[in-house]
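Below: the structure, in structure tokens.
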Amino acid sequence: MSSSLSVSSQLNKVLRSHYLSLPQGGLCLVTYVWIDGSGESLRSKTRTLESEPSSIEDIPEWNFDGSSTNQAETSSSDMILVPVCIFRDPFTLDPNKLVLCEVLKHNCKPADTNHRHVCKKIMEKVKDFHPWFGMEQEYTLLGIDGHPYAWPSKGYPKPQGPYYCGVGADRAYGRDIVECHYKACIYAGIKICGANAEVKPSQWEFQVGPCEGIEVGDHLWMARFLLHRVCEDFGVIATLDPKPIPGNWNGAGCHTNFSTEATRAEGGLEHIEKIIEKLRAHHVQHIRVSDPHGGQDNQRRLTGFNETSSIHEFSAAVADRGVSIRIPLQVGKDKRGYLEDRRPAANCDPYAVTSAIAQTSLMEEEEEDTLNDLDINDLE
């Protein structure tokens, strides 16, 4: 097993803890986190501030080399980091901070993978609907060699069945990582609301929300950063690939729960059904924003098998996990609540997905036509 772990994870952690416990003399370490040119990977770097920031306004903008993150040419490589959301740092502890950043080009226009810029505008437009989101992030643990963590070196583990929410050494692989990530998220101030073992062995899920508007994207991206960072300490990899193992194994999604003030109120099911029909009419556009590559990654996952719908067809039903949009059983009984969009892939950009849902569901068609800068096509 040790050969599948990273070399760095085997460094002396007791020695490391000694240095981390040294006093900082009132200084504060701030780690800037941003989305790189792939649209799915994260980068970070740290600087020293003279004192602990009390708000996001106290954290200055910074820059980085965009030519090294696939975001700029070498001849004009400076990119701007604009702090947008601040969290406590669970790795170096208080008073140190993590800060999520938007990326701007040297001309101050949003970077190509900065979908938060558009998302913020859309969420501002629909704020009176009080849109709530909850996102269910599935991921798969791999060894440093790319082989699924704890799977036999040759062959396959037992078929799916006992692993979902399973307990036991032969059913749950990597629980230490899951529990450490959960605690790290809580310490950081992320709105994590749950975690569980998933259907495929070495596959897990955590949930973020409910959050209103753009907050779910901010918190999910930082939760992903913490996941990769925790996995780094343990020497394994967390992949968000929608179908990391071909064949009769479940893929990995990022199911997105959505509600409004109207759907949560008495008789809200009628509003949910109207939203579903709007989503039906824009199915192709939503598939295009369901992963960072225009839906190409999701083609491997949305096959109509392994608890997915077909990528080519839109469907909706109560309590059915083989459809595009699921109405939970309790929502069907209460006739109010939320819907679950099961199409987004595990590696989706939550800003792009929630923007698309909000725009399709809550913005009038004539209003959409006049808001070219908020067009869903900008999110593809």
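Assorted remarks:
- For segment 218-233, taking the residues that are among the charged types (D, E, K, R) and more than 21 Å from Val126 (Cβ to Cβ), the one that is surrounded by the most Cβ atoms within 10 Å (Cβ to Cβ) is identified as Arg224.
- Scanning segment 88-105 for residues that are among the β-branched types (Val, Ile, Thr) and buried (at least 18 other Cβ atoms within 10 Å of the Cβ) returns Val99, Val103.
- If the condition is being part of a helix (DSSP H, G or I) and open to solvent by less than 10 Å² (accessible area, probe 1.4 Å), then segment 185-217 contributes Cys185, Ala188, Val216, Gly217.
- Criterion: surrounded by fewer than 22 Cβ atoms within 10 Å (Cβ to Cβ), under 25 Å from Val289 (Cα atoms) and either without any contact (Cβ under 8 Å) to a residue 40 or more places away in the chain or among the hydroxyl-bearing types (Ser, Thr, Tyr) (or both) - qualifying residue of Cys85, Cys108: Cys108
- Filtered residue count, segment 234-258, keeping only those that are open to solvent by 10 Å² or more (accessible area, probe 1.4 Å), more than 22 Å from Tyr156 (Cα to Cα) and part of a strand (DSSP E or B): 2
- Evaluation of Ala197 against the conditions (1) in contact (Cβ under 8 Å) with a residue 40 or more places away in the chain; (2) closer than 17 Å to Gly251 by Cβ shows that the sole unmet condition is (1).
- Test: Cys231 is touching a strand residue (DSSP E or B) at 6+ places or on another chain (Cβ under 6 Å), not charged (D, E, K, R) and not in a helix (DSSP H, G or I): no
- Exactly one residue out of Tyr19, Tyr32 is open to solvent by less than 40 Å² (accessible area, probe 1.4 Å) and outside any loop (DSSP other than H, G, I, E, B), and it is Tyr32.
- The residue list Ser153, Ser76 contains one member that is hydroxyl-bearing (Ser, Thr, Tyr), open to solvent by 40 Å² or more (accessible area, probe 1.4 Å), over 30 Å from His18 (Cα atoms) and not assigned by the TED database to the domain that holds Asn257, which is Ser76.
For (1) of a type in the set (Asp, Glu); (2) more than 30 Å from Thr354 (Cβ to Cβ), each residue gets a yes or a no:
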residue	(1), (2)
His130	no, no
Met135	no, no
Glu138	yes, no
His147	no, yes
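- When Arg43 is tested against (1) in contact with a Ser or Thr (Cβ under 7 Å, 6 or more places away or on another chain); (2) closer than 24 Å to Gly189 by Cβ; (3) surrounded by fewer than 17 Cβ atoms within 10 Å (Cβ to Cβ), exactly one condition is not met: (3).
- In segment 202-214, the count of residues that are assigned by the TED database to the domain that holds Gly134, β-branched (Val, Ile, Thr), touching a residue at least 24 places away in the same chain (Cβ under 8 Å) and touching an Asp or Glu at 6+ places or on another chain (Cβ under 9 Å) is one or more.
- Members of segment 164-184 that are in a loop (DSSP other than H, G, I, E, B) and either touching a residue at least 60 places away in the same chain (Cβ under 8 Å) or surrounded by 18 or more Cβ atoms within 10 Å (Cβ to Cβ) (or both): Ala172, Tyr173, Gly174
- Given (1) open to solvent by 50 Å² or more (accessible area, probe 1.4 Å); (2) closer than 18 Å to Arg229 by Cβ; (3) touching a residue at least 40 places away in the same chain (Cβ under 8 Å); (4) more than 20 Å from the chain's Cα centre (by Cα), index of the condition Glu52 fails: (2)
The values are calculated or read from the model by the stated rules, or taken from the named source; none is laboratory data. Model, not experiment: these values are computed from the prediction. Using ideal geometry, Cβ is built from the backbone for each residue, glycine included, and neighbour counts are taken over all protein chains shown. Side chains included, ligands, DNA and RNA excluded: accessible areas come from the protein's heavy atoms. Shrake-Rupley method; radii C 1.70, N 1.55, O 1.52, S 1.80 Å.
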